[in-house]
Amino acid sequence: VQLQASGGGLVQAGGSLRLSCAASGRTFKEFVIGWFRQAPGKDHEFVAAISWDTGSPYYGDSVKERFIIDRDNAKNSVYLQMNSLKPEDTAVYHCAAVRPEHFTFTPYEYEYWGQGTQVTVSS
């Protein structure tokens, strides 16, 4: 499974960004795709995840009601729509894949990772 994250950038507080994670590989649709973020000096934080099979979304507490995760089967992509952005959302965002039976909110079980995309929210 190969993952390619994109869409980061600089935005003012209250603004929006949409991240994309393009997936490829023979079996990627068997996985749950998640987004994690890592701010400088901090551990990876779970942001959101979606089951490619069922479309069921999962969200971290800090982004509920603000972020929306979705997938597009035709484009083999998972999207993270980020609204009402705050300075504390500033981080490098990674998409990652985990087998459904190992799904967790911690990063350690995720087998495949894309490169990060920087999101910076100015106050």
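The values are calculated or read from the model by the stated rules, or taken from the named source; none is laboratory data. Keep in mind the model is a prediction, meaning the values are calculated, not measured. Cβ coordinates were reconstructed from backbone atoms using ideal geometry, including for glycine residues, and neighbour counts include every protein chain displayed. Ligands, DNA and RNA are excluded from the accessible area calculation, which covers all protein heavy atoms including side chains. Shrake-Rupley method; radii C 1.70, N 1.55, O 1.52, S 1.80 Å.
In this entry, the range 7-54 is assigned a mean projected area of 4.8 nm², taken as a quarter of its C-alpha convex hull surface.
Computed from backbone phi, the HN-Hα couplings of the range 21-38 come to 10, 8, 10, 8, x, 5, 10, 4, 6, 8, 9, 8, 9, x, 10, 10, 9, 9 Hz, rounded to whole numbers (Karplus: 6.51 cos²θ - 1.76 cosθ + 1.60, θ = phi - 60°; Gly and Pro given as x). Scaled against the 2.2 N^0.38 Å expected of a compact globular protein of N residues, the Cα radius of gyration of the chain reads 0.97. Residue 106 sits with roughly 60 Å² accessible to a 1.4 Å probe, with DNA, RNA and ligands left out of the calculation. Exposed loop sites were defined as GluC sites (Glu not before Pro) in DSSP loop states (anything but H, G, I, E or B) carrying at most 15 other C-beta atoms within 10 Å; in the chain the longest segment without such a site runs 1-64.
Label point of residue 54 set 7 angstrom out along Cα-Cβ; within the range 6-35, amide nitrogens under 15 Å from it belong to 30-33. Restricting the range 57-104 to chymotrypsin sites (Phe, Trp or Tyr not before Pro) that sit in a DSSP loop and have at most 16 other Cβ atoms within 10 Å of their own Cβ leaves 103.
Gaussian network model of the chain, Cα springs within a sub-10 Å range: biggest mean-square fluctuation belongs to which of 25, 60, 15? Greatest mean-square fluctuation among the candidates belongs to 25.
In a simple Cβ point-charge model (Lys, Arg +1; Asp, Glu -1; nothing else charged), the range 5-123 has a dipole of about 320 debye relative to its Cα centre.
Applying the criteria of a DSSP loop state and at most 10 other Cβ atoms within 10 Å to the trypsin sites (Lys or Arg not before Pro) of the range 20-51 yields 26, 42.
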